[in-house]
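Take a look at the structure below.
The values are calculated or read from the model by the stated rules, or taken from the named source; none is laboratory data. Not measured: the values here are computed from a predicted model. Virtual Cβ from ideal backbone geometry, glycine too; neighbours counted across all protein chains shown. Ligands, DNA and RNA are excluded from the accessible area calculation, which covers all protein heavy atoms including side chains. Shrake-Rupley method; radii C 1.70, N 1.55, O 1.52, S 1.80 Å.
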There are 6 protein chains.
Amino acid sequence: MRRLVVTDVPRPDPAKVRRLEGYGTATVHEALGRTGSLGPDLRPIQQGMAVAGRAVTALCWPGDNLMIHAAVEQCGEGDVLVVAMAGPSTWGVFGDLFATALQHRGARAVVCDAAVRDTATLREMGFGAWSRHVSVQGSVKATAGNVNLPVVISGQVVEAGDVVVADDDGVVVVPRGRVDEALLGCEAREAKEAATRAAFLEGQLGLDRYGLRAVLADLGVSYRRWDELDRDAVRSDG
Amino acid sequence: MRRLVVTDVPRPDPAKVRRLEGYGTATVHEALGRTGSLGPDLRPIQQGMAVAGRAVTALCWPGDNLMIHAAVEQCGEGDVLVVAMAGPSTWGVFGDLFATALQHRGARAVVCDAAVRDTATLREMGFGAWSRHVSVQGSVKATAGNVNLPVVISGQVVEAGDVVVADDDGVVVVPRGRVDEALLGCEAREAKEAATRAAFLEGQLGLDRYGLRAVLADLGVSYRRWDELDRDAVRSDG
Amino acid sequence: MRRLVVTDVPRPDPAKVRRLEGYGTATVHEALGRTGSLGPDLRPIQQGMAVAGRAVTALCWPGDNLMIHAAVEQCGEGDVLVVAMAGPSTWGVFGDLFATALQHRGARAVVCDAAVRDTATLREMGFGAWSRHVSVQGSVKATAGNVNLPVVISGQVVEAGDVVVADDDGVVVVPRGRVDEALLGCEAREAKEAATRAAFLEGQLGLDRYGLRAVLADLGVSYRRWDELDRDAVRSDG
Amino acid sequence: MRRLVVTDVPRPDPAKVRRLEGYGTATVHEALGRTGSLGPDLRPIQQGMAVAGRAVTALCWPGDNLMIHAAVEQCGEGDVLVVAMAGPSTWGVFGDLFATALQHRGARAVVCDAAVRDTATLREMGFGAWSRHVSVQGSVKATAGNVNLPVVISGQVVEAGDVVVADDDGVVVVPRGRVDEALLGCEAREAKEAATRAAFLEGQLGLDRYGLRAVLADLGVSYRRWDELDRDAVRSDG
Amino acid sequence: MRRLVVTDVPRPDPAKVRRLEGYGTATVHEALGRTGSLGPDLRPIQQGMAVAGRAVTALCWPGDNLMIHAAVEQCGEGDVLVVAMAGPSTWGVFGDLFATALQHRGARAVVCDAAVRDTATLREMGFGAWSRHVSVQGSVKATAGNVNLPVVISGQVVEAGDVVVADDDGVVVVPRGRVDEALLGCEAREAKEAATRAAFLEGQLGLDRYGLRAVLADLGVSYRRWDELDRDAVRSDG
Amino acid sequence: MRRLVVTDVPRPDPAKVRRLEGYGTATVHEALGRTGSLGPDLRPIQQGMAVAGRAVTALCWPGDNLMIHAAVEQCGEGDVLVVAMAGPSTWGVFGDLFATALQHRGARAVVCDAAVRDTATLREMGFGAWSRHVSVQGSVKATAGNVNLPVVISGQVVEAGDVVVADDDGVVVVPRGRVDEALLGCEAREAKEAATRAAFLEGQLGLDRYGLRAVLADLGVSYRRWDELDRDAVRSDG
């Protein structure tokens, strides 16, 4: 594990970050060609909050939050702190004191691959938190790690300076070099979805809108009425 | 995997379905002799919603929602779409566009053995969702499956035309041939529980109400005062 | 498994219990030298409730709640029922009828190492519940166990007469012989945290407040500017 | 849970069962249209054993092996005992005494959705065992279940009289009505695989043998030389 | 976490330990009233080895093996080192160098609630290892813990001076105050099992030997012939 | 997901690869500063095999092995095929036919983040396999992915041209730019370990060899004799 704190990471254009926040994780993820998700196990501790911001990353030893202290200093206006662990851990490494320090610096949320605690207070403060666990189990400050080097969470690489987008559906990372591509994709997707939604509200089916009847036929899917079905032959496939 | 879409599945009596919805999952499950539960891992994305409806089933390939499109067409007034997966998957196969199309047709909820997304929007729409995961990870429409054939979720067989009951405690399936038996059982159980609740509110104990003191004695359970206990002999059994 | 019900377990001083409730799980856990947590998998079914009370313990066979009936009789004013399982189980062993009986006796909450059900009703009743699972799957009353002997949940020993503290962050156990030590520790910690919070609100960093810059230097952590970084050399460490 | 022991379940043709055993689980599973697998979590306790036999099913309460005693009586020459659990359990319900009784009756193996124990002895006896866990944790004989009614293991329905095939790769179930179809499919598949193996041994590629170059092209997959790759653009997709 | 190394832990009578080793884990576990198991997730890295010895315990921080060094000094002839973790961890804390030092002192095996590595070498050395994981991931020596204080593994308390019994089925702990009770129970159980085995080899059924036909009848279990079964009524209960 | 097959990936010096194979995963992992491990869940299907080779990577859709066919063509003498999945999957995507084709081309092993099957045959062939699961569940060839782009397995980035080292302890990846560093580190570590082993065989303790007595004292760890211990104060910390 490299023992390095990287400083002065470029911050993406705040206006673009705000637009990504507005689109939300599902749209951004699609706009990136279905990449960027930190997976279903990083859950929000609050409901109804959406956040996007520059990623400041920290890599910590399990049960040790020393490097979060180093990372706080690297955080500023609108940032999202991303805490990765050198190994799987269920322990709490982040609580309301860190949130106080971060909020003072303008940072808005934490994404934590271990546990957060003081969740009631975090909700009161309006400081966003997405984490793998909630746990009171406390940490030490004894082991080195790094700040703002690339980390991996749930198989997804996150680099300092990327844009983290988080809402009720989870967390998505936009590589800093793909922000414009993501925005273009979001715009296109929103337009397409709006049209689809309108069509669905008028009763059109996805089967027709996307030409899926032909796909089904090509794949050999046939139709049969319930009362013409040989019930003995349809035991579940598992 | 059979490649078949079954149509015209009989719909259970709406009045009976409504009554099952009123009883809720725990009562219905007991009324069926403690069967029918889809287990603890299918969780609601909302709180305080109770739904019952005819099951329309879809069996999808992991990461593929083609068959949901086929299933939407089979859904109508009051139905619950039940999405099973051919293998374990954490990916999102259901979101707000599907909910829009289903709500337009009168369907009320989805039960999904993979992930849903757009959860904030689903909650706003009042479209119920119970799922194993929440995840933005998107799907393709490339692989065949089936609609309205029996599926298995968490070890429980679900057949099209069964009644799905879902609330804060989870999801229970009533086989279409056992709806009347379930209703009778629910009625009986509610009466019994009301009497028990009243007795408990007056201070009666389950030990006495159910004759369990004799059961405990038969099983060799004895009583001892704390200050007469040999503390060295009571290390935890694990 | 010993077949014993222990009665007349001493109750800790209610005033002290109330103070522990006020401090909350994270503070109490720290005050105990970072011990006592029942881990991240025992989650509350409600949000915003904090409870502390004397532990009344029950050890049950998986899928069997006979011993909970015996434990209810041992519960009184302000108690918390702690249900441990002889083996891992996802089944529901606790619901609203038990809560009714317990609430009548003055007990306030249940901590359950299996599943609870009737969660909507429990929330309405204001009866607290922390559990590993939520599940409708019902239980029998057929197998012996014990009440008020030491149990283990998530690797933590809980003894009857200990104080259980539970809130949004989870559950912590204070051994009955360490209540005063815990209170002293809580007091000290709260004072220290208040000072830290004030300092953080004025912009001080943990790095400076805790003298961590020297620790980082000792551990060989160095600083480098982003634009001076050899990007090829910083592929993620995993 | 129905409380029933079903007797006199028809036994499939032993010659056909023996042929299925020879083909092995992977081939049989493919011959059934990729169905029938009990999944990756039922593992053999031995290496190098292949078994096929008529399924005799038992449904047990977690931690209770009463119904296995009832099932033993229903087992005979060449049978495979299939033990399902009413709920998830890690406890040992099967050991060398059961194996002794079963081997005496001509049965050959057990498939157990909980744990087996006495594994060293089972290996010495040459009695096959596939199970979800290995654990010494013992069981009681206190709770009713059933024998030879349909059960579900890992989402796969198993009915008494089906053929269970088990080897180093796991366990596959052939519905009794599909034995001939399975044999035909196995024969065809073996022939096809033999030809493919011969072709591969002469250097042919699957890409060419199965016409996959066109499939790749249709899906938009292109080729590029390593030294012509823009390395910055190929950060992992996660 | 207390920071203490306890020395001079009494060693149980070696002759009795040897006898426990001979009985094996399943018999010992039954002799203790079905207690003492460390559960199904602590697996041997070798097959066919049985070991019993005095427990020397170490409690380590995740990813840190400092306290194992302290524990080695406390190990002697015939001991089994038991490594517990302060929190869940998949990292390797034990390898062939530790085994070399321990073997030199006469210790025979390790039981590790995290991961071991150098497994090929450990097998060659004949040094037994039971662990939750196998992993190369290395550890630091930075954080305090304790040696020979009580630890909990898989919900089972292990105290220094207890007897650890381990074989292909897993690991069982005999509290040092219950060794004689365990031996008596083992003797009785072996005799009983030998008689049962003989009876089973002559064709007797457990149903008859244990009087279970009456139990089944009492529980309402009935018998029906396959060809008299209403197949529509026997859809799986799940 | 980028749809690209990268060809002509440089192969590391075979002599160096052979030396890495000789050192084994634990030593290589340490030589890389404790990085590179694919974690404890990728297990070998065989015992006693050690392999090192150039990584050829494939990224597949769950349940789909189309891209493995494309990857086979990119494999040659001494290579190790590394199969990553776009999402978690337990399905079999690799079996003996692939092994036949690969062995024909000189490739030696597969590392698979899903399941392999035909494990008995693979062992007979001497073709190495490390995988997350073993499962017969078969795959389709329908969805695009990529070959020889960076992939992530268990949070570790693997790039085509890296050296994969695998043995009984698991799998470690050496970035192609760090092969020399790894070899130097291995050499140093082996020398150091040999000296330590010799010292341990003569009775030296790690406590003394590594100067850990001072570390323990600094951390506040004290020593106490068993018979001087206040047993009431040492209830397990959990």
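Quick notes
- Antiparallel bridges, percent of DSSP beta bridges restricted to the stretch B:4-188 (to nearest 5): 45
- Normalised by the number of residues in chain C, the mean separation of alpha-carbon contacts (under 8 Å, six or more apart) gives a relative contact order of 27 percent.
- Net charge dipole size for the protein assembly as shown [Lys, Arg +1 and Asp, Glu -1 on Cβ; Debye, nearest 20]: 0
- Label geometry 7 Å along the beta-carbon vector: D:Q47 inter-copy distances in nm: 0.6, 0.6, 5.1, 5.1, 5.2
- Cut-off 13 Å between beta-carbons: net charge of the residues surrounding B:E202, Lys and Arg +1, Asp and Glu -1: +2
- Between A:G36 and any residue 5 or more places off or on another chain, the built amide H atoms are never under 5 Å apart.
- Note on the protein assembly as shown: antiparallel DSSP beta bridges, both residues inside, total approximately 40 percent of the bridges counted.
- Each copy carries A:E228; placing its label point 7 Å along the C-beta direction from Cα gives inter-copy distances of 4.0, 5.4, 7.8, 7.8, 9.0 nm, listed from smallest up.
- Heavy atoms of D:Y223 accessible to a 1.4 Å probe, total area in Å² rounded to 10: 100
- Only helices enter this figure: runs of n ≥ 4 DSSP H residues, each worth -39500 (n - 2.57), summed and divided by the residues of chain C, yield -9000 deg cm²/dmol at 222 nm to the nearest 500.
- What you get for chain C, charging only the Cβ of Lys and Arg (+1) and of Asp and Glu (-1), is a dipole of about 380 debye around the Cα centre.
- Result for chain F in a Gaussian network model with C-alpha springs under 10 Å: among F:R213, F:R108, F:R34, the largest mean-square fluctuation is at F:R213.
- When you work out D = kT/(6 pi eta Rh) for the stretch E:150-196 at 25 °C and 0.890 mPa s, using the Kirkwood radius from C-alpha pairs as Rh and the Stokes-Einstein form, the result is 204 µm²/s.
- Along each principal axis, Cα extent of the stretch B:4-188, largest first, Å: 47, 33, 30
- Share of pairwise Cα separations in the protein assembly as shown, more than 66 Å, in percent: 4
- Total formal charge among the other residues, if their Cβ is under 14 angstrom from that of E:D218, Lys/Arg +1 and Asp/Glu -1: +2
- The largest accessible area among B:D41, D:D169 belongs to the first residue in B:D41, D:D169, and the rest follow in falling order (1.4 Å probe, all chains).
- Taking Cβ atoms as reference points and 13 Å as the exclusive limit, the residues near C:K16 contribute a net charge of 0, counting Lys and Arg as +1 and Asp and Glu as -1.
- Cα-based reach from C:K192 at 24 Å (exclusive), listing lysines while leaving out same-chain residues under 8 positions away: A:K141, C:K16
- Inter-copy label distances at C:R3 (7 Å, Cα→Cβ; nm, one decimal): 2.0, 4.8, 6.1, 6.1, 6.8
- Calculated over the stretch E:1-105, the projected area of the Cα convex hull averaged across directions stands at 7.7 nm².
- Chain E has one residue whose beta-carbon comes closest to the axis relating it to chain D; that residue and its distance in whole Å are E:Q47, 6.
- Area of B:H69 that stays accessible when all protein chains are in place (1.4 Å probe, Å², to 10): 10
- The GluC sites (Glu not before Pro) of the stretch E:139-226 that meet both conditions, a loop assignment by DSSP and at most 15 other Cβ atoms within 10 Å of the site Cβ, are E:E202.
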